[in-house]
Every structure is written in C-alpha cells, then in structure tokens.
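S.K.: Please see the structure below; I have some questions.
The numbers here are math on the coordinates, done by the rules we state, and not lab data. Every value quoted in this text rests on a predicted model; they were computed, and no experiment measured them. Note: ideal-geometry Cβ built from the backbone for every residue, glycine included; neighbour counts use all protein chains shown.
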Amino acid sequence: MPFITEEIYHLLKERKDDLTVKQFKDPGNVDQSILAAGNILKGSVTAIRDAKNKNQVKPKEKIKLYVQSDNPQMYIGINKILAKQVNATSIEFTKGIPATSLSVIINKDKIYIETEQVIETALQKEQLLKDLEYLKGFLNSVERKLNNEKFVQNAKAEVIDLERKKKADAEIKIQVIEESLSALN
C-alpha cells in the first residue's frame, strides 16, 4: 500500500522527497558470510519442516537437533533463530549418528532430528532413495554437458566453472545420501 506508506513517511518528519520514487544509496560491499548464513538458515528450516511433515511429526512437537558439519561456526550464529523456527529445544554438534533420528541434508551438512515420536525408517529410506535417484540423474546430465566438446569449446569459462561446481556439489550430496542410507540399514 504505497500511498499509506508515503503518508506515514511524511507524517514522521517534514520531508521534501517522496519515498516511492526516491533513489537509495548504493549498499556498497555486501558481507558474504551473512548471506551464506541466511541461505543455510533458510535451507535448514525448509528441510527440517519438510522432514517433520513427511514423517507425521506435528509442527509444535519439541525436537532436538544434532548438526554434523565441517563448518559448525556457520550454525552458531543462526542456532537461536533455527531453534525457534523448527521448535527445537536444543542444537548440538556431533560427529556420530544419533540412534532413532530423522536425517536431512543441507549442502554438505547433515542435521539429525530427534523426536519422542517413533520414526518409521521405511519412509525415510524411501525419501533418501528418491533424492539419490534425482541427484544421479542430475549428475548424469551435468556430466553429459561437460563431456560435450562443442559445449566446452563454445561456452564461457564462467559457465563451465559453474557446471563443474554443480558436478562437485552433486557428487558430495550423493556421497552424503549413500552414507545416510548405509546408516539406516
């Protein structure tokens, strides 16, 4: 509601400019670590809520989170917000896999969700297999692109680098999923 916003803007203080057409200053350098933490927070909240929903865990049910990450510092700044968003009583860092927990994968990290409700590993295994199949297909398509000589010769260096990064990320995610599947067996 731009007209109401404009009215409030002028009532707060005597102004000669209009907010709706005002040019804002260039923000300058952006702190990439804040953006990365925001992306991890968004991905974590989405993945945890999705896992809870798929396993019939009520949104208001209290859970405990165990994070397995190469970079735990990234989670320390966001753990209070994460805990509030997913209704977690605690967030701990771990090297092992807690028994009877759901696992979700965010980038290269694993988050284990412990709940008092009995978890059906069959549902979790089914979802992991579905994710694995998708990632293998994705990896296959990226590899076909990178093996296509015409694509490699005609594409810009940035595009090729992006495809190589996609390939590396997919390989890491596949490895993490396979480890999670072996832990369920």
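S.K.: Which value, to two decimals, describes the C-alpha radius of gyration of the chain once divided by 2.2 N^0.38 Å?
M.R.: Ratio of Cα Rg to 2.2 N^0.38 Å: 1.38.
S.K.: So how much slack lies between Lys22 and Leu181, counting 0.36 nm per residue of separation and subtracting their Cα-Cα distance, in nm?
M.R.: On the way: separation 159, 0.36 × 159 = 57.24 nm, distance 5.41 nm.
Taking Lys22 through Leu181 to full extension adds about 51.8 nm, to one decimal.
S.K.: If you don't mind, another one. Which trypsin sites (Lys or Arg not before Pro) from the stretch 74-127 combine a DSSP loop assignment with at most 12 other Cβ atoms within 10 Å?
M.R.: Loop-located and lightly packed - Lys95.
S.K.: With no solvent and one equal point scatterer per Cα, compute the Debye intensity ratio I(q)/I(0) for the stretch 121-184 at 0.13, 0.17, 0.25, 0.29 Å⁻¹ and report its log10, rounded to two decimals.
M.R.: -0.43, -0.62, -0.97, -1.16
S.K.: Rg to Rh for the stretch 32-114: what is it, with Cα atoms only and Rh by Kirkwood?
M.R.: Using Cα coordinates only, the ratio equals 0.93.
S.K.: Further question on the same structure: Pairing the Cα long axis of helix 121-147 with the longest principal axis of the chain, what angle in degrees results, from 0 to 90 and rounded to the nearest 10?
M.R.: Helix 121-147 sits roughly 70 degrees off the main axis of the chain.
S.K.: Helix-only estimate, please: 222 nm mean residue ellipticity of the chain, summing -39500 (n - 2.57) across DSSP H runs of length 4 or more and dividing by its residues, to the nearest 500.
M.R.: -19000 deg cm²/dmol
S.K.: Which GluC sites (Glu not before Pro) does the stretch 50-128 hold that lie in a coil by DSSP with at most 16 other beta carbons within 10 Å?
M.R.: Of the GluC sites (Glu not before Pro), the ones in loops of the stretch 50-128 whose Cβ has at most 16 other Cβ atoms within 10 Å are Glu61, Glu116, Glu120.
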